[in-house]
Amino acid sequence: MRLFLFLSLSICTLCSARDPDATHAFTDVNGRTLKAKFIESSPDSVKIEWNGQTFNLPLITLDAKTQSLVDRLSKSSVPSDSSAVVQKWTDTQGRTIEAKFVKADNLTLTIEWNGKVTALPLTMFSVSSRKLAAELQKAQTATPIKPAPKIELNDSLDLSKEYPWQNSSGQTAYGLFLDLGKSELKISMNRGTREVAIPVDSLNEDSLTLAKKLKVLASAEQKELSALAKKRKAMKVSSVTEADLDLEHEFTNLSGQVMKAQFVDADEREVSLLMAKRSKNPFKLAWTSFADESVAKLEALRRKRVEVDNLKPKIIPAKGNRLSYFGSGKYKGYNTVFEENTYSVGVPYSGTGLHIFVKQEAMENGVSAGPLGILRMSVGFSTRYTDRTNPERPRRRGRSIKSFDSSPEPSTERDEIKLTGKFTNDGTFEYNIRMTRVGLEFWSRIKDPSGEEWPTSHYVGMSFKGTVPKVKDMAMNQIKPVIGDGSFYAQPVDGKNVKLPFGDSWQDLMKKIPRGALTNLKSFEAKGFPYDPLRIVVTPFVKDMKLEYSRSYAYTYPLQGISLHYASLEKKTEIPRSRALKINLLPK
């Protein structure tokens with residue numbers, strides 16, 4: 001009975017320690033962490049469940065602590081093969097049970113009995129059972145690591161090709177070569193949506209050799225591009241007009257193939273072209289892929305693009321309820337633009353708020369970034385009143401601006417703006433915006449005319465834009481790589497913090513979030529892959545003020561956007577300077 005009693009006690013202990021629904025922190029070599037359920041692992045990857053979806057993470061991209069975690073979880077999990085052979089195990093007293101072998105070492109034998117896994121001391125078992133355990137363990141560990149596909153290092157290599165990168169433990173990840181430094185190799189994975197650094201000292205010999213060869217190839221390509229850039233700048237090119245930038249032209253590559261496309265932009269390495277009849281998204285080709293005649297034509301268009309962008313923009317004068325604004329160029333449509341390395345802020349001619357752009361490349365399955373970046377958030381001063389023209393059907397409406405008292409000149413050097421004027425009911429307003437290197441501040445006040453029948457209330461409204469354009473036409477397995485680890489994080493004045501992952505539906509989230517948890521917040525943050533390299537943190541003043549969320553019931557997922565309102569609990573016509581709303585724009 002000693003064996004069976006020990007076994008029963010061990011199983012009870014294991015059941016309490018091994019929770020199949022437990023979440024674990026999986027951290028990659030870049031320090032990014034995802035909390036998910038462990039499912040199983042292989043020599044190259046670990047399968048996890050995150051937000052109801054399963055993903056395979058290459059082990060080579062995970063940090064050492066996470067790889068150790070995966071190893072421990074793998075050893076403690078029930079074998080996935082339910083058809084494993086049941087063995088007879090005999091103790092030193094000659095008593096026998098039937099159970100499946102899991103693993104063994106010098107001190108313990110781990111078995112699966114009645115669907116449960118437990119580890120028992122080897123000293124409890126007979127010599128024959130200990131010998132059987134050793135044989136099964138040897139057979140189990142003898143399974144060879146699946147080798148990465150062989151790369152012919154003497155063949156022609158291609159910088160635009162994904163290669164298998166393998167470390168000394170046999171773990172493999174596929175990606176494009178980006179750069180090789182003294183301590184790390186940088187590769188691009190998942191079609192350019194994820195950049196990963198792999199420690200150089202962890203690479204096996206073939207992968208390190210491959211990285212060194214591609215580094216030489218990249219250096220040679222850079223020299224070729226530098227030489228071509230000098231050649232381009234010295235070229236005498238044909239004259240083109242601004243209108244040519246909106247037309248399609250024929251371009252020929254080195255193989256003699258001809259394409260018809262519109263020039264969009266170019267840098268020292270690549271040219272961006274658009275074939276509008278095939279796609280709304282530009283594509284990129286290397287300068288070195290074009291024949292000389294087409295290089296000259298592209299250089300002419302590039303120079304014209306620079307010329308047009310650098311022209312002093314046309315200024316449209318203020319009129320009525322419209323501020324003066326840039327009428328052409330990069331800042332077209334804006335009165336005030338404030339730019340930092342990772343973001344841009346634009347105050348449009350409406351004067352009622354501003355737009356926040358994150359400086360990013362074009363989004364996968366999305367749209368190209370504009371000259372200021374990708375629009376991620378809008379903030380505006382809002383005024384509302386109840387129209388009781390029909391007492392049986394009162395309606396909430398917004399007050400419209402009739403005129404500004406004066407308009408500041410369009411500028412990219414301004415860091416504070418104060419706008420005053422009148423509404424269509426002859427009420428007055430004062431809107432203030434302060435822009436700094438680390439964020440924005442908003443304060444304001446309004447006043448109704450004497451005898452106003454329908455009093456006006458005032459607040460600052462915020463709208464986080466949808467992070468995945470065309471989301472209605474995409475399946476969730478297409479959306480996941482775009483949103484990455486993006487989430488909203490809400491910190492209520494009372495209660496626990498709330499996380500709103502972009503991949504979770506509102507229906508599921510509302511089952512987990514306590515009722516009213518999002519109606520009075522002391523902070524709200526947007527961060528993760530769709531916002532990188534930026535974190536947007538909304539910080540209200542809590543005393544006598546209220547920040548609450550509002551979403552459209554037509555939306556299914558947080559990734560489709562969310563709105564916030566900030567208002568005074570006491571005086572409905574003012575956001576005092578001492579209680580200004582702050583929106584911090586911080587590095588990730």
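Structure summary
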| item | result |
| --- | --- |
| Count - residues of region 440-472 that are of a type in the set (A, V, I, L, M, F, W, C), surrounded by 17 or more Cβ atoms within 10 Å (Cβ to Cβ) and assigned to a loop (DSSP other than H, G, I, E, B) | 1 |
| Filter pass, Ile446 being more than 25 Å from the chain's Cα centre (by Cα), aliphatic (A, V, I, L, M), closer than 17 Å to Phe357 by Cβ and in the same structural domain as Ile575 (by TED's automatic domain parsing) | no |
| Subset of region 310-357 [touching a Lys or Arg at 6+ places or on another chain (Cβ under 6 Å), farther than 25 Å from Trp443 by Cβ and free of Cβ contacts under 8 Å to residues at least 40 places away in the same chain] | Gly327, Ser328 |
| In region 303-350, residue farthest from Gly373 (Cα to Cα) [restricted to those that are part of a loop (DSSP other than H, G, I, E, B) and touching a helix residue (DSSP H, G or I) at 6+ places or on another chain (Cβ under 7 Å)] | Gly329 |
| Top-ranked residue of region 215-230 - restricted to ones that are farther than 21 Å from Asn154 by Cα and among the hydrophobic types (A, V, I, L, M, F, W, C), ranked as surrounded by the fewest Cβ atoms within 10 Å (Cβ to Cβ) | Ala227 |
| Enumeration of residues in region 507-538 that are surrounded by 19 or more Cβ atoms within 10 Å (Cβ to Cβ) and either hydroxyl-bearing (Ser, Thr, Tyr) or assigned to a helix (DSSP H, G or I) (or both) | Tyr531 |
| Per-region count, region 473-493, residues surrounded by fewer than 21 Cβ atoms within 10 Å (Cβ to Cβ) and among the aromatic types (Phe, Trp, Tyr) | 1 |
| Residue check, Leu180 hydrophobic (A, V, I, L, M, F, W, C) and in contact with a helix residue (DSSP H, G or I) (Cβ under 6 Å, 6 or more places away or on another chain) | yes |
| Matching option when the condition is closer than 17 Å to Glu162 by Cα and out of contact with any Cys (no Cβ under 6 Å at 6 or more places or on another chain), among Ser226, Ser202, Ser207, Ser239 | Ser207 |
| Tally, over region 167-195, of residues that are over 27 Å from Gly528 (Cα atoms) and either at pLDDT 85 or above or acidic (Asp, Glu) (or both) | 1 |
| Top-ranked residue of region 265-302 - restricted to ones that are among the hydroxyl-bearing types (Ser, Thr, Tyr) and outside any helix (DSSP H, G or I), ranked as modelled with the lowest pLDDT | Ser279 |
| Number of the exception - Phe464 against (1) in contact (Cβ under 8 Å) with a residue 40 or more places away in the chain; (2) within 26 Å of Glu570 (Cβ to Cβ) | (2) |
| Residue among Ser289, Ser324, Ser255, Ser279 that is of a type outside the set (Lys, Arg) and within 25 Å of Ser350 (Cα to Cα) | Ser324 |
| So Ser160, is it of a type in the set (Ser, Thr, Tyr) and modelled with pLDDT of 85 or more | no |
| Every pair of residues 6+ apart whose Cβ atoms lie under 7 Å, when the first sits in region 406-430 and is in the same structural domain as Thr336 (by TED's automatic domain parsing) and closer than 16 Å to Thr352 by Cα while the second is among the aliphatic types (A, V, I, L, M) and in a loop (DSSP other than H, G, I, E, B) | Ser407/Ala318; Ser407/Leu323 |
| Criterion violated by Ser272 - all others in (1) closer than 21 Å to Lys230 by Cα; (2) in contact with a helix residue (DSSP H, G or I) (Cβ under 9 Å, 6 or more places away or on another chain) satisfied | (2) |
| Only listed residue being of a type in the set (Phe, Trp, Tyr), over 19 Å from Arg437 (Cβ atoms), within 30 Å of the chain's Cα centre (by Cα) and surrounded by 17 or more Cβ atoms within 10 Å (Cβ to Cβ), chosen from Tyr343, Tyr334, Tyr325, Tyr349 | Tyr334 |
| Residue, nearest to Trp506 (Cα to Cα), within region 550-567, restricted to residues that are at pLDDT 90 or above and surrounded by fewer than 19 Cβ atoms within 10 Å (Cβ to Cβ) | Ser563 |
| Qualifying residue in region 523-534 (condition: at pLDDT 90 or above, closer than 22 Å to Val471 by Cβ, among the basic types (Lys, Arg) and not assigned by TED's automatic domain parsing to the domain that holds Thr383) | yes |
| Hey, Tyr459 in the same structural domain as Arg399 (by TED's automatic domain parsing) and within 23 Å of Ala567 (Cα to Cα) or not | yes |
| Residues located in region 196-214, provided they are under 25 Å from Gly528 (Cβ atoms) and buried (at least 16 other Cβ atoms within 10 Å of the Cβ) | Val196, Ala197, Ile198 |
| Matching option when the condition is farther than 12 Å from Val295 by Cα and in contact with a Lys or Arg (Cβ under 9 Å, 6 or more places away or on another chain), among Val264, Val216, Val271, Val237 | Val264 |
| Complete set of residues in region 238-264 that are under 24 Å from Asp158 (Cα atoms), in a strand (DSSP E or B) and not aromatic (Phe, Trp, Tyr) | Thr252, Asn253, Val258, Met259 |
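The values are calculated or read from the model by the stated rules, or taken from the named source; none is laboratory data. Note that the coordinates shown come from a computational prediction; the quantities given were computed from them, not determined experimentally. Quick reminder, even Gly has a Cβ in these numbers, built from the backbone with ideal geometry, and neighbours come from all protein chains shown.
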